[in-house]
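A.B. asks: One structure follows; several queries about it will come next.
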Amino acid sequence: MKNRIREIALDGTIRQNPTFRLVLGTCPTLAVTTTAFNSLGMGLAVTFVLICSNVIISLLRNVIPDRVRIPCFIVIIATFVTIVRMFMEAYIPDLYESLGVFLSLIVVNCIILGRAESYASHNPVGYSALDGLFMGLGFTVSITVMGIIRELLGSASLFGLKLWDANAFSIPFFTNAAGAFLTYGLLIAIFNVCYNAVDRKIKHNQHGKMLQSVETQTTAKEAE
């Protein structure tokens, strides 16, 4: 069980990171990451919807007819998106206004529909909830990092707090669409270079251990 949880955690945050590995949810990633606060808010909203929809879909996986599963998934997801929208509109109106239409578009976010189809509809409730949690965390951390970089460079602030005089040093380019694409592309490249380097090292170590094990067994047989 511990190994299964570990695999789910690694898949959601690193190996199948929805933002930098699978490149899903690109529209909100590019649109709302002008500030760290907007990025964090969107990430947490998506995480909430992921966990809740995964749980409900997993519970109903043997009840929902296969031929209408996608419409059913969308209805379930839309229900939780509506809850998030109502909560934000009532208690965090500034964030609600900032996210705008992209909050409603969570309903058709590829990350959520993808996990519903590929994981929650085939796995038990507990694992489905964990899958939603770690996929959401992977998405949240990724877009928040992107939001921090764009806000620091573009507005000389962090979570709305001015860190230095923007006139002295800021690059407004990073607050527009072109800056979003450039930041996103660079982060994808950096993440994948690091991931591939670590993956190669792990595989090399595993191969070395396997060869050592084979040599040990061979030596033992020769000794007999």
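The values are calculated or read from the model by the stated rules, or taken from the named source; none is laboratory data. Quick caveat, the model's predicted, so the values are computed rather than measured. Here the Cβ positions follow ideal geometry from the backbone for every residue, glycine too, while neighbour counts run over all protein chains shown. Areas reflect the complete protein model, heavy atoms only, side chains present, ligands, DNA and RNA absent. Shrake-Rupley method; radii C 1.70, N 1.55, O 1.52, S 1.80 Å.
A.B. asks: Going through region 26-43 one residue at a time, which ones are surrounded by fewer than 21 Cβ atoms within 10 Å (Cβ to Cβ) and within 12 Å of the chain's Cα centre (by Cα)?
C.D. replies: Passing the criteria: 26, 40.
A.B. asks: How many of the residues in region 62-111 are of a type in the set (Phe, Trp, Tyr) and either touching a Ser or Thr at 6+ places or on another chain (Cβ under 9 Å) or modelled with pLDDT under 90 (or both)?
C.D. replies: Here the count works out to 3.
A.B. asks: Kindly establish whether residue 141 is modelled with pLDDT of 95 or more, assigned to a helix (DSSP H, G or I) and either among the acidic types (Asp, Glu) or closer than 23 Å to residue 2 by Cβ (or both).
C.D. replies: The answer is yes for residue 141.
A.B. asks: Across region 128-172, what is the total count of residues that are under 30 Å from residue 57 (Cα atoms), open to solvent by less than 50 Å² (accessible area, probe 1.4 Å) and of a type outside the set (S, T, N, Q)?
C.D. replies: Within region 128-172, residues that are under 30 Å from residue 57 (Cα atoms), open to solvent by less than 50 Å² (accessible area, probe 1.4 Å) and of a type outside the set (S, T, N, Q) number 10.
A.B. asks: Pairs under 7 Å by beta carbon, first residue of a type in the set (Lys, Arg) in region 93-116, partner part of a helix (DSSP H, G or I), six or more apart or different chains?
C.D. replies: Between residues of region 93-116 that are of a type in the set (Lys, Arg) and residues that are part of a helix (DSSP H, G or I), the close pairs are 115/50; 115/54; 115/131; 115/132; 115/135.
A.B. asks: Still on this structure, I have one more. Give the number of residues within region 30-56 that are hydroxyl-bearing (Ser, Thr, Tyr) and farther than 14 Å from residue 103 by Cβ.
C.D. replies: Adding up the residues that qualify gives 4.
A.B. asks: Tell me the residue from 23, 46 that is part of a loop (DSSP other than H, G, I, E, B), hydrophobic (A, V, I, L, M, F, W, C) and under 20 Å from the mean Cα position of the chain (by Cα), please.
C.D. replies: That would be 23, the only listed residue that is part of a loop (DSSP other than H, G, I, E, B), hydrophobic (A, V, I, L, M, F, W, C) and under 20 Å from the mean Cα position of the chain (by Cα).
A.B. asks: While we're here: How do the pairs read when you match residues in region 124-148 that are closer than 15 Å to residue 53 by Cα with residues anywhere that are basic (Lys, Arg) and in a helix (DSSP H, G or I), using Cβ under 9 Å and keeping only pairs 6 or more apart or on different chains?
C.D. replies: Listed pairs, sorted by first residue: 127/4; 128/115; 130/4; 131/115; 132/115; 135/115.
A.B. asks: For region 49-73, enumerate the residues that are surrounded by fewer than 17 Cβ atoms within 10 Å (Cβ to Cβ) and in a helix (DSSP H, G or I).
C.D. replies: 59, 66, 67, 68, 69, 70, 71
A.B. asks: May I ask you to list the residues in region 158-181 that are without any contact (Cβ under 8 Å) to a residue 60 or more places away in the chain and closer than 22 Å to residue 41 by Cα?
C.D. replies: Hits for region 158-181 are 161, 162, 163, 174, 176, 179.
A.B. asks: Which of the residues that make up region 1-24 are within 30 Å of residue 93 (Cα to Cα) and either open to solvent by 10 Å² or more (accessible area, probe 1.4 Å) or without any contact (Cβ under 8 Å) to a residue 12 or more places away in the chain (or both)?
C.D. replies: 13, 20, 23, 24
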